[in-house]
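Encoded as structure tokens, the structure appears first; notes follow it.
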């Protein structure tokens, strides 16, 4: 099974590197080190998409990000391999439900494709022994008063249960939305912000306090006051070891006593988790107040 997982991961990695080039099934088969027929079958089994659909979703999402940043529709289309604006417009509208020209004028939230690597999914299923504890950088940060557009789950109190309840695709939608913090966030809400029958764990984006735009269907808006946080940041890590990085940081948080710097944990504000990105290390923000 491990050989098959890594074969699909090699195909995913090849697609990411060569996304702006022509990619054939032969190219992917060579990366997988299996026959074209078997490589195609494995890819479908592990990702739920055939390679062509997977590549198209990646290219359209990359084009959407380019358009949102100010690149013209035609240049965005050409940059990801479409040879005509008409073909690109049809594909874009089918994928996101909006014409690219309309999106350029009004970049509403859309469901961008997030290509999760299959080897990381398998790593998450395994319980791995901890090695040496990492160094953890800690600093006080102040979050301004703000609103947060969130998607609630049902009972989840962690990422994996949340994905089972809501679906991980919500992250693609969130990454298409502007955020004052520059990226989406995951939150563990305090009791005061949990509505009956919904989860402790949510995903969302932080917005200015004067935010008043239409939000995606099924989302809520909460308002958060200015508050202090202890930001815990671990060492950079290899992407496939993200579970180890998260566990190491959680151990550091559990062992830390904020009284040493004149603070106490604040149970009235949400705990914030950022996307695990290996090059920067895993980051969590724990709410605190002056002791």
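The values are calculated or read from the model by the stated rules, or taken from the named source; none is laboratory data. Remember, predicted model here, so these are calculated numbers, not experimental data. Backbone-built Cβ (ideal geometry, glycine too); neighbour counts: all protein chains shown.
Some points to look at:
- Inside the range 31-51, residues that are in a helix (DSSP H, G or I), closer than 18 Å to residue 2 by Cα and in contact with a helix residue (DSSP H, G or I) (Cβ under 9 Å, 6 or more places away or on another chain) make up a count of 11.
- Top-ranked residue in the range 238-262 [being surrounded by 14 or more Cβ atoms within 10 Å (Cβ to Cβ) and free of Cβ contacts under 8 Å to residues at least 60 places away in the same chain; ranked as nearest to residue 276 (Cα to Cα)]: 246
- All positions within the range 274-291 that are surrounded by 15 or more Cβ atoms within 10 Å (Cβ to Cβ) and assigned to a strand (DSSP E or B): 283, 284, 285, 286, 287, 288
- Failed item, numbered, when residue 137 is tested on (1) at pLDDT below 90; (2) closer than 30 Å to residue 245 by Cα; (3) surrounded by fewer than 17 Cβ atoms within 10 Å (Cβ to Cβ): (1)
- The set of residues from the range 144-190 being surrounded by fewer than 16 Cβ atoms within 10 Å (Cβ to Cβ), free of Cβ contacts under 8 Å to residues at least 24 places away in the same chain and assigned to a helix (DSSP H, G or I) comprises just one member, 164.
- Tallying residues that are over 24 Å from the mean Cα position of the chain (by Cα), surrounded by fewer than 19 Cβ atoms within 10 Å (Cβ to Cβ) and outside any helix (DSSP H, G or I) within the range 62-111 yields 5.
- Single residue of the range 203-229 satisfying the filter (touching a helix residue (DSSP H, G or I) at 6+ places or on another chain (Cβ under 8 Å) and closer than 16 Å to residue 109 by Cβ) that is modelled with the lowest pLDDT: 216
- Condition met for residue 59 (crowded, with 21+ Cβ neighbours inside 10 Å and either closer than 27 Å to residue 167 by Cβ or touching a residue at least 60 places away in the same chain (Cβ under 8 Å) (or both)): yes
- Residue 204 vs. criteria part of a strand (DSSP E or B), farther than 15 Å from residue 287 by Cα, touching a strand residue (DSSP E or B) at 6+ places or on another chain (Cβ under 9 Å) and assigned by TED's automatic domain parsing to the domain that holds residue 149: yes
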